[in-house]
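Accompanying notes for the structure given below.
The values are calculated or read from the model by the stated rules, or taken from the named source; none is laboratory data. All figures in this text were calculated on a predicted structure; none of them were measured in a lab. Ideal geometry is used to build each Cβ from the backbone, glycine not excepted, and the neighbour counts take in all protein chains shown.
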Amino acid sequence: MANPLVNFVIRGFQFLFAIVILGLSVSLIRHHHWGNLPATLGFAAFVAGVSILGAFVGIAATWVSMLDGAVGLIIDGVVAVINAAGGIAMAVKLNGVQCKVEGSDDNSLKMIENNMLNGGCLSKSICYWYTEPLKILSLCKVSQADTVFMFLTVFLLAVSAVFTFLRMRKGY
């Protein structure tokens, strides 16, 4: 990084975003009661853990010169790819659901049948949160927020990569 203060700010936001992703992911996991947990939710928690480790490594790069430069770019790149994969997986799994109760019956049906939102199903018509549409709506918004924070982390790491690249070009 060009400036230690900029590094601390970027890594602070990375750590904050990772904690938010972890909290949202764990909340979604805890609201799943029946059947197998969707793999996407477990992966989202993994993404948060990797992002937290990446933030600590990025802060350590201020003092450990081996972690700065190309090694730092590679670590940030891996963390960014994992966050992008998590965000894309969550977006695909949400399958275009709009988080609102009013509107088309198609959207409501999509929310109820989405296994990340419905708490798990015993059969096609018996799902844990089936009788509580406001709970499904809340879980839908949590899922969307989780996805957004993963993509924000990717953007933040891209900014960090630009600063690191510019510093490497100057030769110090």
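Okay, here's what the table says:
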read-out	value
Residue check for SER123: polar (S, T, N, Q) and closer than 30 Å to LEU5 by Cα	no
Residue in the range 95-119 that is nearest to ILE136 (Cα to Cα), counting only those that are in contact with a strand residue (DSSP E or B) (Cβ under 8 Å, 6 or more places away or on another chain) and either surrounded by 18 or more Cβ atoms within 10 Å (Cβ to Cβ) or of a type in the set (S, T, N, Q) (or both)	ASN118
Unmet criterion (only one of (1) under 23 Å from HIS33 (Cβ atoms); (2) in a helix (DSSP H, G or I); (3) without any contact (Cβ under 8 Å) to a residue 40 or more places away in the chain) for VAL101	(2)
Odd one out for SER108 among (1) modelled with pLDDT of 80 or more; (2) of a type in the set (S, T, N, Q); (3) assigned to a helix (DSSP H, G or I)	(1)
Residue that is nearest to the chain's Cα centre (by Cα) [pool: residues in the range 36-63 that are loosely packed, with under 14 Cβ neighbours inside 10 Å and of a type in the set (Gly, Ala, Ser)]	GLY42
Count of the range 64-94 residues which are surrounded by fewer than 19 Cβ atoms within 10 Å (Cβ to Cβ) and in contact with a Phe, Trp or Tyr (Cβ under 6 Å, 6 or more places away or on another chain)	0
Criterion (in a helix (DSSP H, G or I), closer than 30 Å to LYS170 by Cα and at pLDDT 85 or above) met by exactly one of VAL47, VAL26, VAL57, VAL71	VAL57
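Quick grid of which residues meet (1) within 23 Å of the chain's Cα centre (by Cα); (2) modelled with pLDDT under 80; (3) assigned to a helix (DSSP H, G or I); (4) closer than 30 Å to PHE8 by Cα:
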| position | (1), (2), (3), (4) |
| --- | --- |
| ILE112 | yes, yes, yes, no |
| GLY119 | yes, yes, no, no |
| LYS135 | yes, no, yes, no |
| SER143 | yes, no, yes, yes |
| SER160 | yes, no, yes, yes |
